[in-house]
Amino acid sequence: MQNTTLCYIERNSSYLMLHRVKKAGDINKDKWIGIGGHCEEGESPEDCVTREVREETGLELTGMRYCGIVTFVSDRYEGEYMHLFHSDSFSGELRDCDEGTLEWVPIAKLNELEHWKGDEIFLDLIARRVPFFSLKLVYEGSELRQAVLDGRAL
């Protein structure tokens, strides 16, 4: 299982979203996701998300909330533990990203974009400021087959 991070950076009721259109062989091709990536050896989730946000956006997180962990199970891809963060505290100037196009998207419009179905579940949990949660998402191909929140099937 690989460890990754994902951060939803908020400003004016919008999240900074990455439209994944530039990276060859990307499992997230054409999808809109938050900002993040793979943990490197010796990094904590907080270290990783701070580095990934800096590398992909040019922004420096000055505060963050560790929202939960998402366990991804797939019949096509390696399993993943994704450490999920939210931040509305950052500094710096936004710059271009080599993995896709960055855009501030109103939170109310997120579900209209191309995304993984399970994202709707954790985005709702973040929006409701649910205390730290564990979410398991099971996919067959790109179809969400099972979602389990804190040990209970949804």
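Values in this text are rule-based calculations from the coordinates and carry no lab data. Not measured: the values here are computed from a predicted model. A quick note on method: Cβ atoms are made from the backbone with ideal geometry, for glycine too, and the neighbour counts reach across all protein chains shown.
With a cut-off of at most 13 other beta carbons within 10 Å, and DSSP calling the residue loop, which chymotrypsin sites (Phe, Trp or Tyr not before Pro) in segment 81-148 qualify? Please list them. Don't skip to the end; give the middle numbers.
Working: sites: 81, 85, 90, 104, 116, 122, 132, 133, 139; in loops: 116, 132.
Counting only loop positions with at most 13 other Cβ atoms within 10 Å, the chymotrypsin sites (Phe, Trp or Tyr not before Pro) in segment 81-148 are 132.
Using all alpha carbons of the chain, what is the percent of pairwise distances in each 10 Å bin, ordered from the shortest bin to the longest?
Final binned percentages: 11, 42, 39, 7, 0.
Using the structure shown, list the pairs from 22/117; 31/117; 109/136 with a Cα-Cα distance above 19 Å, or answer none. Let's see the in-between values first.
Values: 22/117 22 Å; 31/117 11 Å; 109/136 24 Å.
Going by Cα-Cα distance, 22/117; 109/136 fall outside the 19 Å limit.
Please list, by residue number, every one of the GluC sites (Glu not before Pro) in segment 47-154 that is coil in DSSP and has at most 14 other beta-carbon atoms within 10 Å. It would help to have the intermediate numbers written out before the result.
Numbers: sites: 52, 55, 56, 60, 78, 80, 93, 99, 103, 112, 114, 120, 140, 143; in loops: 78, 93, 99, 114.
Passing sites in segment 47-154 are 78, 93, 114.
Please work out the FRET efficiency for the pair residue 74 and residue 133, using the Cβ-Cβ distance as r and a Förster radius of 22 Å; give the result to the nearest 0.05.
Numbers: r = 20 Å, r/R0 = 0.92.
Calculated value: 0.65.
Based on Cβ point charges of +1 for Lys and Arg and -1 for Asp and Glu, what charge dipole magnitude is obtained for the chain about its Cα centre, in debye rounded to the nearest 20? List each step's numbers first, then the result.
Working: 18 positive and 29 negative charges, 106 e Å.
Magnitude of the dipole: close to 500 debye.
Please list the equivalent ellipsoid semi-axes of segment 69-154, computed as the square roots of five times the alpha-carbon gyration tensor eigenvalues, in descending order and whole angstrom.
Working: eigenvalues 119, 58, 35 Å².
Taking √(5λ) for each Cα gyration eigenvalue gives 24, 17, 13 Å.
Using only Cα atoms and rounding to the nearest 10 degrees, what angle (0 to 90) does helix 45-57 make with the longest principal axis of the chain?
Its long axis makes an angle of about 60 degrees.
By the 4.7 Å beta carbon criterion, which cysteine residues of the chain come out unpaired?
For the chain, the answer is 7, 67, 97, because their Cβ atoms have no other cysteine Cβ under 4.7 Å.
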